[in-house]
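I have placed the structure first, in the form of structure tokens, so that the comments after it can refer back to it.
Please treat every number below as a calculation from the coordinates, not as lab data. Note that the structure is a prediction, hence the values are computed from the model and not measured. Backbone-built Cβ (ideal geometry, glycine too); neighbour counts: all protein chains shown.
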């Protein structure tokens, strides 16, 4: 696999609960997750086989299996409760993942190898 193929996207930042359900934002998770204060969430940067799918009329969900190379970044045990340190709050971590996905997509589109 060439260096350019390693960057092939599109890449996306994903915020999901422990059941694999995907949320558009931290606010969406706080409002719609089953237990937003008690469950740990996960933030990741994914593509291809690791990307979420949306069954008709349902919330997007992560696949049960995927190619390992389709997961570029993963942060476990993210809590939606307010943190004393804003730099580790869920909003900050999700914004960082979105920036990573944007950078990977820019490199992919520019053909960086």
I want to check the label-to-label distance for residue 92 and residue 37. Put each point 7 Å from Cα in the C-beta direction and report it in nm to one decimal. 2.3
So, with points 7 Å from each Cα along the Cβ direction, the residue 18-residue 61 label distance in nm works out to 1.7
7 Å from Cα along Cα→Cβ at both residue 110 and residue 49: what's the point-to-point distance in nm? 2.9
Under the rule rounded for a/c under 1.5, else prolate if a/b exceeds b/c, else oblate, using alpha carbon gyration tensor axes a ≥ b ≥ c, segment 40-81 is classed as oblate
Can you match Rg and Dmax of the Cα atoms in Å to one of these, (1) 27.5, 80; (2) 14.6, 43; (3) 15.4, 50, based on a calculation from the structure here? (2)
Ranked from highest to lowest mean number of other Cβ atoms within 10 Å per residue, what is the order of the peptides 61-71, 26-36, 93-103, 41-51? 41-51, 93-103, 26-36, 61-71
